[in-house]
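These notes concern the structure reproduced below.
The values are calculated or read from the model by the stated rules, or taken from the named source; none is laboratory data. None of the values given here were measured: they were computed from a predicted structure. Heads up, the Cβs are rebuilt from the backbone with ideal geometry, glycines too, and the neighbour counts pull from every protein chain shown.
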Amino acid sequence: MNQLIIFDTTLRDGEQSPGASMTKDEKVRIAKMLERMRVDVIEAGFPIASPGDFEAVRAVARAVKDSIVCGLARAADADIDRAGEALKEAAAGRIHTFIATSPIHMKMKLRMEPDQVLERAVEAVHRARRWTDDVEFSAEDAGRSELDFLCRITEAVIAAGARTINIPDTVGYNVPDQFAHTIRNLIERVPNADKAIFSVHCHNDLGLAVANSLAAVLAGARQVECTINGLGERAGNASLEEIVMTVRTRRDVFQLETGIDTTQIVPASRLVSNITGFPVQPNKAIVGANAFAHESGIHQDGVLKHRETYEIMRAEDVGWNTNRMVLGKHSGRNAFRTRMDELGVSFSSEEELNDAFARFKALADKKHEIYDEDLQALVTDANLAAVNERVKLRYLRVCSETGETPNAQVTLALDGVEHNAAAQGGGPVDAAFKAIESILQTGTDLLLYSVNNITSGTDSQGEVTVRVAKGGRIVNGQGADTDIVIASAKAYINALNKVLQPSEREHPQLL
Ligand code: KIV
Ligand code: ZN
């Protein structure tokens, strides 16, 4: 009972953030990183959402050996069977089934009476138990549900075989005292509560996801559902790094342990940010660039005299400063393959390895010290190039000079046919984007453009994220290169490629 289970839902709820969708390979890379971090449960996706989602959950289930792999399913036979199929090859698989329990969701969304919801929940748990003993039940919108009904449904699903009961604050409406009260009452009032682990899943609409989760832990919850960087629907989920580091730093308050290897936190944060294109704000707790930077003279003086004057955690304990040079231009194929393997990246053929190695050599010619972050960006870039099926960047030339209007010339291959365009713009990136759009005519709106350096120094690769919208659909694009104008063009083309692809995915909570 002094163990807090960390359930990561970056690959499922995190992926529900507009624009954060991940490919199968990207999900496997993040899952391997979470496994290395010793996350207890990895929620890999919602298998019935689309054939691609099913394959991604199956691939994660095959790749991960040390963490439980979980698939989400609504309380419906087809969803549960699809999740069961996807998890068949997992070393340890969990089916997570859910149905809404709040009056507003039952009446307006499900159009069901509470007794029908209870009956459906029990049937769903029975069905999931045909596939695995490890079944989790969530009462969606529990944060706005009536406590008496929550107690009734919880007792019924535990009796049906659910081993974990998850209480989500789906819309981020609760405040810590109130949420703790719900958890405490459930544990006290449900007669068979001792047969299950109570879990919480909080959204951050009022910025209280972590506070609510931790209040629930103090009230008896022993599993927290969270995501790297707090990624997730709308304002996101509780952030894994904040939960884990609070419980560890304030052992005196929580008297609990997690199994997490905290030195993997910063690398995991970077990987998720790099893959999804969601930058981490500099002042974000634990993983923001300024989280351990002491700017003011008074603080610096104090930290130099005695670190604990201003630091409650050590930067190295969460994986900062581990950014060491790993490879250089003289490194051979074996060293490259070994390091990639350690980063959880495997190559399906010699040809794929050779391609990646050639890209690594090209980068090492431009940039002498290659860090893990560079290697991760190299793989992301290659994966993106593979999904950039319709549009490819063939050539880009930009001119910017004092006193002159910047201009760009671009050649794109669209469905294999080359097109050229030139445009002027407010700056070289603006000119390049205008030239690209003049060929593709997508009519998208650019919502966000951001550049981050992957490592330090002016020879660092720039990592660019763009977010574009078209007809209510929002997608992100990323690109990395030592030349930030080229990185920007790659990111823009990546986003436009996604816009050009139809999206056929179902959202778990929209039924
Ligand atoms: O927020 C929520 O209620 C969910 C459930 C599906 C667990 O994500
Ligand atoms: Zn959620």
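Specify which of the listed residues (179, 98) is of a type outside the set (Gly, Ala, Ser) and in contact (Cβ under 8 Å) with a residue 60 or more places away in the chain. Walk me through it before giving the result.
Values: 179 fails: in contact (Cβ under 8 Å) with a residue 60 or more places away in the chain.
Of 179, 98, the one residue that is of a type outside the set (Gly, Ala, Ser) and in contact (Cβ under 8 Å) with a residue 60 or more places away in the chain is 98.
Starting from the range 135-164, take each residue that is closer than 25 Å to residue 81 by Cβ and in contact (Cβ under 8 Å) with a residue 24 or more places away in the chain and list its partners that are more than 16 Å from ligand 1 (Cβ to nearest atom) and among the polar types (S, T, N, Q), counting only C-beta distances under 9 angstrom and pairs at least six apart or across chains.
Listed by first residue and then by second, the contacts come to 154/192; 158/192; 159/192.
Filtering the range 124-146 down to residues that are buried (at least 24 other Cβ atoms within 10 Å of the Cβ) and polar (S, T, N, Q), which residue is nearest to residue 213 (Cα to Cα)?
Here the answer is 138.
Note down all Cβ pairs under 6 Å where the first residue falls in the range 47-69 and is modelled with pLDDT under 95, the second is surrounded by fewer than 19 Cβ atoms within 10 Å (Cβ to Cβ), and they're at least six residues apart or on different chains.
Taking only residues 6 or more apart or on different chains, the pairs are 50/504; 50/505.
Need pairs with beta-carbon distance below 6 Å; first residue within 23 Å of residue 382 (Cα to Cα) and within the range 8-27, second in a loop (DSSP other than H, G, I, E, B) and among the hydroxyl-bearing types (Ser, Thr, Tyr); sequence gap 6+ or separate chains.
Cβ pairs passing all conditions: 15/21.
Tell me, which residue of the range 128-144 that is among the charged types (D, E, K, R) and under 18 Å from residue 168 (Cβ atoms) is farthest from ligand 1 (Cβ to nearest atom)? Spell out how you get there, then give the answer.
The initial filter retains those residues of the range 128-144 that are among the charged types (D, E, K, R), namely 129-130, 133-134, 136, 140-141, 144.
In the following step, the residues that additionally are under 18 Å from residue 168 (Cβ atoms) were identified as 136, 140-141, 144.
Numbers: 136: 9, 140: 4, 141: 6, 144: 11 Å.
Among those residues, the one meeting the criterion is 144.
Which helices (runs of 4 or more DSSP H) sit wholly inside the range 186-267 and have at least 3 residues that are within 21 Å of residue 136 (Cα to Cα) and either of a type in the set (A, V, I, L, M) or within 13 Å of ligand 2 (Cβ to nearest atom) (or both)? Working first, answer last.
Working: elements: 209-218, 240-249, 251-254.
Result: 209-218.
State yes or no: is residue 394 touching a Ser or Thr at 6+ places or on another chain (Cβ under 7 Å), free of Cβ contacts under 8 Å to residues at least 60 places away in the same chain and basic (Lys, Arg)?
Numbers: touching a Ser or Thr at 6+ places or on another chain (Cβ under 7 Å): yes; free of Cβ contacts under 8 Å to residues at least 60 places away in the same chain: yes; basic (Lys, Arg): yes.
Yes, satisfied.
Yes or no, residue by residue, for (1) touching a residue at least 12 places away in the same chain (Cβ under 8 Å); (2) within 30 Å of residue 273 (Cβ to Cβ); (3) surrounded by fewer than 21 Cβ atoms within 10 Å (Cβ to Cβ):
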{"site": "183", "(1), (2), (3)": "yes, no, no"}
{"site": "187", "(1), (2), (3)": "yes, no, yes"}
{"site": "195", "(1), (2), (3)": "yes, no, yes"}
{"site": "205", "(1), (2), (3)": "yes, yes, yes"}
{"site": "212", "(1), (2), (3)": "yes, yes, no"}
{"site": "223", "(1), (2), (3)": "yes, yes, no"}
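Scanning for something at pLDDT 85 or above, surrounded by 19 or more Cβ atoms within 10 Å (Cβ to Cβ) and within 26 Å of residue 465 (Cα to Cα), does the range 345-352 turn up at least one residue?
No, the range 345-352 contains no residue that is at pLDDT 85 or above, surrounded by 19 or more Cβ atoms within 10 Å (Cβ to Cβ) and within 26 Å of residue 465 (Cα to Cα).
Going by the conditions given, is residue 174 in contact (Cβ under 8 Å) with a residue 12 or more places away in the chain, within 16 Å of ligand 1 (Cβ to nearest atom), crowded, with 16+ Cβ neighbours inside 10 Å and not in a strand (DSSP E or B)? Steps first, please.
Values: in contact (Cβ under 8 Å) with a residue 12 or more places away in the chain: yes; within 16 Å of ligand 1 (Cβ to nearest atom): yes; crowded, with 16+ Cβ neighbours inside 10 Å: yes; not in a strand (DSSP E or B): yes.
Here the answer is yes, as residue 174 does meet what is asked.
Looking for whichever is within 16 Å of ligand 1 (Cβ to nearest atom), over 19 Å from residue 198 (Cα atoms) and not in a loop (DSSP other than H, G, I, E, B) here; the options are 117, 125, 157. Which one fits? Write out each step before concluding.
Details: 125 fails: over 19 Å from residue 198 (Cα atoms); 157 fails: over 19 Å from residue 198 (Cα atoms).
Exactly one residue qualifies, and that residue is 117.
For the range 182-214, which residues satisfy the criterion of being closer than 16 Å to residue 150 by Cα, within 20 Å of the chain's Cα centre (by Cα) and of a type in the set (Ser, Thr, Tyr)?
Result: 199, single match.
Among the residues of the range 440-464 satisfying the criterion of being among the β-branched types (Val, Ile, Thr) and within 20 Å of residue 412 (Cα to Cα), which is surrounded by the most Cβ atoms within 10 Å (Cβ to Cβ)?
Restricting attention to the range 440-464, the residues satisfying the condition of being among the β-branched types (Val, Ile, Thr) are 442, 444, 451, 454-455, 458, 464.
Within this subset, residues satisfying the condition of being within 20 Å of residue 412 (Cα to Cα) are 442, 444, 464.
Details: 442: 16, 444: 22, 464: 26.
Step by step, filter the range 440-464, then rank; the result is 464.
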